[in-house]
Amino acid sequence: MAMAKYSFIIISFFIISTFCFTQEKVPDIYTVSSQFERIEIIRMRTGTDLLAGLKEAVFKQKIKNGVILSGIGSVTDYHFHVVSDKNLPPAEEFPKASVAKDLIAVQGYIFNGRVHAHITLSDENSVIGGHLEPGTKALTFFIITVGVLPDDLDIENFDNFQY
């Protein structure tokens, strides 16, 4: 029994020290230089789900890595999430509504084929936005511009707070 307890302590120490060492190896500021290979301009029709449309365009155009540079349009429905506290991982709220708003900005990244997009919406009284979720649907249209980066660019973990 004492041996099992001693082994547990050693293994726990090894895991904790490995985690701490790994965290120290990642610099506070990390940069990667690149150029766009091409620009894709994506148009989505009335009723299209913005996130589903982005995922489909990324798949069809074989975009592994990219920067969502801009986006405009209007919505009939929206769904996004925002952080709601300062803990890691943070708690999140998931606002959604069926109401017309202008889509005044879309920005984000494509990491190894995975879309990470944020939206900004407005009406005559307010501006809201956050991390895009399924359910944001086009009223008039969406136009999204994506700068395509090289496939071999290593940016997959840039949006992971534990990296």
Exactly one of these conditions fails for PHE142: (1) within 21 Å of GLY53 (Cβ to Cβ); (2) aromatic (Phe, Trp, Tyr); (3) outside any strand (DSSP E or B). Give me its number. (3)
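Across segment 13-38, what is the total count of residues that are modelled with pLDDT of 90 or more and polar (S, T, N, Q)? Step through it out loud before you land on a result.
Just the residues of segment 13-38 that are modelled with pLDDT of 90 or more, to begin with: 28-29, 31-38.
Narrowing the set further to residues that are polar (S, T, N, Q) leaves 31, 33-35.
Of the residues in segment 13-38, 4 are modelled with pLDDT of 90 or more and polar (S, T, N, Q).
Mind counting the residues in segment 58-92 that are farther than 16 Å from SER126 by Cβ, part of a strand (DSSP E or B) and not hydrophobic (A, V, I, L, M, F, W, C)?
Qualifying residue count for the region: 10.
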Yes or no: segment 145-160 includes at least one residue that is hydrophobic (A, V, I, L, M, F, W, C), out of contact with any Lys or Arg (no Cβ under 8 Å at 6 or more places or on another chain) and within 28 Å of SER74 (Cβ to Cβ). yes
Among the listed residues ILE155, ILE128, identify the single one that is farther than 23 Å from GLN35 by Cα, touching a Phe, Trp or Tyr at 6+ places or on another chain (Cβ under 9 Å) and either at pLDDT below 95 or of a type in the set (A, V, I, L, M, F, W, C) (or both). ILE128
Please find, within segment 106-132, the residue that is farthest from the chain's Cα centre (by Cα) out of those that are closer than 20 Å to THR46 by Cβ and not β-branched (Val, Ile, Thr). ASP123
So which pairs qualify, if the first residue must be in segment 130-146 and closer than 14 Å to ALA117 by Cα and in contact (Cβ under 8 Å) with a residue 12 or more places away in the chain, the second must be of a type in the set (Ser, Thr, Tyr) and buried (at least 22 other Cβ atoms within 10 Å of the Cβ), the Cβ gap must be under 6 Å, and the two must be at least 6 apart or on different chains? THR136/TYR78
Which one is farthest from VAL75 (Cα to Cα) among residues in segment 104-129 that are in a loop (DSSP other than H, G, I, E, B) and in contact (Cβ under 8 Å) with a residue 12 or more places away in the chain? ASN112
Give segment 42-57 a look and list any residue that's over 15 Å from GLY130 (Cα atoms) and either in a loop (DSSP other than H, G, I, E, B) or not small (Gly, Ala, Ser) (or both), or say none. ILE42, ARG43, MET44, ARG45, THR46, GLY47, THR48, ASP49, LEU54, LYS55, GLU56
Identify, from the list LYS101, LYS137, the residue that is within 15 Å of LEU51 (Cα to Cα), basic (Lys, Arg) and surrounded by 13 or more Cβ atoms within 10 Å (Cβ to Cβ). LYS137
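The values are calculated or read from the model by the stated rules, or taken from the named source; none is laboratory data. Since the structure is predicted, the reported quantities are computational estimates derived from the model, not experimental observations. Ideal geometry is used to build each Cβ from the backbone, glycine not excepted, and the neighbour counts take in all protein chains shown.
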